[in-house]
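Undergrad: Handing you this structure, nothing more for now.
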Amino acid sequence: MARDYDVIVAGAGAAGLSAALSASLAGASVLVMEADKQVGGSSRLSGGHFYAAGTSVQREAGVMNDTADDMYEHYMTLNQWLVEPSVVRRYCDLSAPTFEWLKNLGVEFKPEGVYRSGVSSVPRGHRPEGAGERIVEVLYGHCGNRNIDFVFNARASGLITDDAGRICGVRTGDDVATCGAAILSTGGFGANKELLGRHYPQAAKADNWSWYIGSPFAQGDALAMAEALDADIAGHDRGLLLVTPGFSRDLEVLLPGWLVMVNPSGRRFANEASPYTVLGGLIEKEGGHAFAVFDEAARAAAKPSAISRAYWVNDVLAKKADEGRIARATSLVELAKQIGADPNVLEGTIARYNADCARGVDSVYFKEPASGMRPVLTPPFYAAELRPAIICWTGTGLRTDADMRVLRRDESVIKGLYAAGETVGSLHGDRYIGGGGSYGPCVVFGKLAGEQAAVYTQNLQARK
Ligand SMILES: Cc1cc2nc3c(=O)[nH]c(=O)nc-3n(C[C@H](O)[C@H](O)[C@H](O)COP(=O)(O)OP(=O)(O)OC[C@H]3O[C@@H](n4cnc5c(N)ncnc54)[C@H](O)[C@@H]3O)c2cc1C
């Protein structure tokens, strides 16, 4: 039976556009179904940073000897080996070649945009000129040059299989388009409360503090479509939650160094200036919330800064204390009682911290004094609750092999079904590898899924 297209791609973010383009470059006819009225999804809103090892731009920036092996070792160690090694390995191996592919397509990366984006000592984050939107536009432009068909306002809703269990079509509304292979790249499920409850309880727990910064179309549609074919789901309770005091819906990812962060019993437990990639996880381990303690002198001195314009600013803090959103007390003992902490623990913690401030060193967590360390001495004292609650991306998704083929729960492959981007669950562990660790794999695995799907459909043809 003649098919409408070799490959159908559901979802046109960075992953889907990379998949469509690479499938077309490999000789496949391609249809892209996009639920929105335009391409881009969360990728368009994103910084578009790309985490990769061994790139030409790293070398231009003086990072001469980074390798896929080093990236793999760091990735696996950071995640305590609780990820699929084969998928991580493939990402590491393909990160630099795919980065160069994207660069050659016309996305500009400058050496000054290479930075340490996670907790590794090696700078692997690559900032693109024009952020995620530029990447989307470059990919989409190339798709246009290759006669790839796009349908908009077309939400894929089901997969059709033939008698042999192979994918042979994709449904959208009452229509079906037939194909040899399908690539699911519908993004994550950050905008879907029900799926957050099921797959990302840490995020769901944050309750009305929680909000999602990505596309409203991030409904996790790929999960239901593939689960109907018994697809396996990988990576429970994973994603990136950014820390917030919950005052408003402003996206600020770092805490100012003048705050003292304590756990619910009143003990300090981390460097307040920790990278955002690990901060949320550190608070999660303390029970899902913590408190930022400071004194009146710190509050009064808090001016809008590069780190904070919306939250950690003197008049905002005074207003939130007046509204009861921040605890305020004339003594640390009273402050501890208000937040349910142990007064002895809080007093001891602050005494030790104040002594460190006097000596100009953070003897326990090595916070840089230059980050703004200051003692907590002048009443009234304040404590603002913090929660990891801003949902940036979700990490639970379809389980795939290293060729992006979607796996059933019995480890068999669903023939002709591929996944890429945030839809994939096999990659992310408990810790975010670093800025660019979500966008990078979207492009890497989008390109790979497109190539694999094209080859698969060519083999189907050859068998006829
Ligand atoms: C504000 C922001 C900043 C970020 N910054 C970074 C960063 O700098 N570095 C980094 O690594 N990560 C970052 N992330 C995360 C990263 O951008 C995303 O994980 C990534 O872009 C997801 O790409 P995707 O292609 O998988 O999904 P998306 O880009 O969301 O694309 C999915 C597409 O599928 C469409 N769709 C959904 N359902 C269907 C359906 N049923 N049928 C058809 N189409 C459908 C959607 O409309 C959308 O267009 C950021 C995220 C946000 C929101």
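The values are calculated or read from the model by the stated rules, or taken from the named source; none is laboratory data. Since we're looking at a predicted model, the values are computed, not measured. Positions of Cβ are backbone-derived with ideal geometry, glycine not excepted, and every protein chain shown enters the neighbour counts. Just the protein is used for accessible areas: all its heavy atoms, side chains included, with ligands, DNA and RNA removed. Shrake-Rupley method; radii C 1.70, N 1.55, O 1.52, S 1.80 Å.
Undergrad: Considering only P264, L241, V364, whose Cα is most displaced toward the positive end of the charge dipole of the range 241-390, charges sitting on Cβ of Lys, Arg (+1) and Asp, Glu (-1)?
TA: L241
Undergrad: Same structure again: Using only alpha carbon positions, build the gyration tensor of the range 241-390, then give the equivalent ellipsoid semi-axes as the square roots of 5 times its eigenvalues, largest first, whole angstrom.
TA: 19, 18, 16
Undergrad: Next question. Counting helices only, and only those DSSP H runs with n ≥ 4, report the 222 nm mean residue ellipticity of the chain as the sum of -39,500 (n - 2.57) divided by its residues, in deg cm²/dmol to the nearest 500.
TA: -10500 deg cm²/dmol
Undergrad: Sketch the reach of a paramagnetic label on R249 as a point 7 Å from Cα along Cα-to-Cβ, and name the residues of the range 295-338 whose backbone nitrogen lies under 17 Å away.
TA: Correct set: 310-311.
Undergrad: Here's something else I'd like to know. Hey, what do the phi angles of the range 87-103 turn into as Karplus ³J(HN,Hα) couplings, whole Hz, using 6.51/-1.76/1.60 and θ = phi - 60°, x for Gly and Pro?
TA: These are the phi-based 3J(HN,Hα) values: 6, 4, 4, 5, 4, 4, 5, 9, 4, 5, x, 6, 4, 5, 4, 5, 5 Hz.
Undergrad: Would the range 56-173 count as rounded, prolate or oblate if I go by the C-alpha gyration tensor, calling it rounded below 1.5 in a/c and otherwise prolate when a/b exceeds b/c, oblate otherwise?
TA: oblate
Undergrad: Could you list which residues have their amide H under 5 Å from that of L159, counting only those 5 or more apart in sequence or on another chain, with H placed in the peptide plane?
TA: R171
Undergrad: Which one, S120, L159, G144, projects farthest toward the positive side of the charge dipole computed for the range 120-246 from Cβ point charges (K/R +1, D/E -1)?
TA: S120
Undergrad: Still on this structure, please answer the following. Given points 7 Å out from each Cα along the Cα-Cβ axis, report the A306 to S412 separation in nanometres with one decimal.
TA: 5.6
Undergrad: Which percent, to the nearest 5, of DSSP beta bridges fully inside the chain are antiparallel?
TA: Bridges in the chain that DSSP calls antiparallel: roughly 70 percent.
Undergrad: So, one more: In debye to the nearest 20, how big a dipole does the chain give about its Cα centre with +1 on each Lys and Arg Cβ and -1 on each Asp and Glu Cβ?
TA: Here the size comes out at about 420 debye.
Undergrad: Quick one: Karplus J couplings for the range 299-305, per residue in order, coefficients 6.51, -1.76, 1.60, θ = phi - 60°, nearest Hz, x for Gly and Pro?
TA: 4, 4, 7, 6, 9, x, 9
Undergrad: Across the chain, how many lysine pairs separated by 8 or more positions, or lying on different chains, have Cα atoms within less than 16 Å?
TA: Taking the Cα cut-off of 16 Å, the pair count is 5.
Undergrad: Please compute the contact order of the chain in relative form: average sequence separation of alpha-carbon pairs under 8 Å and at least six residues apart, divided by the residue count, as a percent.
TA: Worked out over the chain, it gives 25 percent.
Undergrad: Moving to a separate point now. How about the range 81-171: which chymotrypsin sites (Phe, Trp or Tyr not before Pro) there are in a DSSP loop, with at most 12 other Cβ atoms within 10 Å of their Cβ?
TA: W81
Undergrad: Further question on the same structure: Would you mind computing Rg(Cα) / (2.2 N^0.38 Å) for the chain, counting N as its residues?
TA: In units of the 2.2 N^0.38 Å rule of thumb, it is 1.06.
Undergrad: Among the trypsin sites (Lys or Arg not before Pro) within the range 147-213, which fall in a DSSP loop and have no more than 16 other Cβ atoms within 10 Å of their own Cβ?
TA: R166
Undergrad: Go ahead and run the numbers for FRET between A355 and D401, Cβ-Cβ distance against an R0 of 35 Å, rounding to 0.05.
TA: About 0.05, to the nearest 0.05.
Undergrad: Just to check I understand the Karplus step: with θ = phi - 60° and J = 6.51 cos²θ - 1.76 cosθ + 1.60, what whole-Hz values come out for the range 306-320, glycine and proline as x?
TA: With coefficients 6.51, -1.76 and 1.60, one gets 5, 7, 9, 10, 10, 10, 9, 10, 3, 6, 5, 5, 5, 5, 5 Hz.
Undergrad: Nearest 20 debye, what's the magnitude of the dipole of the range 241-390 about its Cα centre given +1 on Lys and Arg Cβ and -1 on Asp and Glu Cβ?
TA: 100
Undergrad: Using DSSP to define loop residues, name the trypsin sites (Lys or Arg not before Pro) in the range 1-106 whose beta-carbon has at most 11 other beta-carbon atoms within 10 Å.
TA: K37
Undergrad: Could you do me a favour and compute the accessible area per residue for the range 338-464, 1.4 Å probe, result in Å²?
TA: Accessible area per residue, the range 338-464: 37 Å².
Undergrad: Taking all protein chains as present, what is the carbon and sulfur share of the accessible area of the chain, in % to the nearest whole number, probe 1.4 Å?
TA: On the chain, the fraction of accessible area on carbon and sulfur atoms equals 49 percent.
Undergrad: For R146 and R325 in the same chain, what is the full-extension length gain: residue separation times 0.36 nm, less their Cα-Cα distance, in nm?
TA: 59.0 nm
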